[in-house]
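Colleague: First, the structure itself, so that you have it in front of you.
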Amino acid sequence: MRHLFHRLTIIVAIVLIGLPITFAATIALLPLWSMIERRYGVESVGHSGPADWCFWVVFAVYLLLAALVALRVGRPARGGSSTSSTSDTPAA
């Protein structure tokens, strides 16, 4: 039960940290949303900023990246292989 509570706390923290990041990224991507509106005719920029769907797209990408990082961090390291070289000095 404690393990479940710990995971739930981490997930909630990741989502809450992602909200301001996603908001800032959505605003920073305003030129992209304007280009999408011009090119495809999809309403993406209004008088008060990007449309709601723009925020949700960026938020979904953030959650996907966070999940990929969490899976990568949670995976145990492979045994037997080393990524560092055995010698720091170049061969003569």
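The values are calculated or read from the model by the stated rules, or taken from the named source; none is laboratory data. The shown structure was predicted, so the numbers you read here are calculated from the model rather than taken from an experiment. With ideal geometry, Cβ positions are generated from the backbone for all residues, glycine too; neighbour counts draw on all protein chains shown.
Colleague: Go through the stretch 1-50 and report how many residues are among the aliphatic types (A, V, I, L, M), surrounded by 15 or more Cβ atoms within 10 Å (Cβ to Cβ), outside any helix (DSSP H, G or I) and modelled with pLDDT under 95.
Modeller: Here the count works out to 1.
Colleague: What number of residues within the stretch 51-72 satisfy the criterion of being over 15 Å from the mean Cα position of the chain (by Cα) and over 15 Å from Leu19 (Cα atoms)?
Modeller: 1
Colleague: Could you count how many residues in the stretch 26-78 are within 22 Å of Val15 (Cβ to Cβ), out of contact with any helix residue (DSSP H, G or I) (no Cβ under 7 Å at 6 or more places or on another chain) and small (Gly, Ala, Ser)?
Modeller: Residues meeting the conditions: 6.
Colleague: Filter the stretch 32-59 down to the residues that are among the charged types (D, E, K, R) and touching a Ser or Thr at 6+ places or on another chain (Cβ under 7 Å) and list them by number.
Modeller: Correct list: Glu37 only.
Colleague: I would also like to ask the following. So which pairs qualify, if the first residue must be in the stretch 58-77 and assigned to a helix (DSSP H, G or I) and surrounded by 12 or more Cβ atoms within 10 Å (Cβ to Cβ), the second must be among the small types (Gly, Ala, Ser) and modelled with pLDDT of 85 or more, the Cβ gap must be under 8 Å, and the two must be at least 6 apart or on different chains?
Modeller: Val58/Ala25; Phe59/Gly18; Tyr62/Gly18; Tyr62/Ala25; Leu63/Gly18; Ala66/Gly18
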